[in-house]
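Report on one structure; see the data block that follows.
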Amino acid sequence: MDNRKKRFANTDYYRGAMRWMGVGIEFCLVIGIFCLIGYFLDKKEGTSPGWMILFFFIGFGFMIYTMLKRARKDEEEQRKAEEDRDRREES
């Protein structure tokens, strides 16, 4: 129980949670925008739902790529912060 209180008292916990909630909202918005583009192309060309499905997968793939890139960056930042913390403790 004490460990749980420490985790929730740490502001890094909330900063990380808010960052990933923002990514989730961005994920939905980007896919929605890509689907709208596909929808309007379908309306223009009369090819329902071909373009919309194609643009959904393009948006989905783009956001998966973006999320993986951000996760690697966060992991690298966390690793560097831990290394810095370890160096300070050794000094």
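The numbers here are math on the coordinates, done by the rules we state, and not lab data. The model shown is predicted, which means the values in this text are computed figures rather than measured ones. Quick reminder, even Gly has a Cβ in these numbers, built from the backbone with ideal geometry, and neighbours come from all protein chains shown.
Here the spin labels are modelled as points 7 Å beyond Cα on the Cα-Cβ line, and at Ala17 and Tyr65 they lie 3.2 nm apart.
Based on the Stokes-Einstein relation at 20 °C and a viscosity of 1.002 mPa s, and on the Kirkwood radius from alpha carbon pairs, the chain is assigned a translational diffusion coefficient of 132 µm²/s.
For Lys69, the aspartates and glutamates whose Cα falls under 15 Å of its own Cα, not counting residues fewer than eight places away in the same chain, are Glu26, Glu77. Mean residue ellipticity, 222 nm, helices only, the chain: the sum of -39500 (n - 2.57) across DSSP H runs of n ≥ 4, divided by residue count and rounded to 500, is -33000 deg cm²/dmol.
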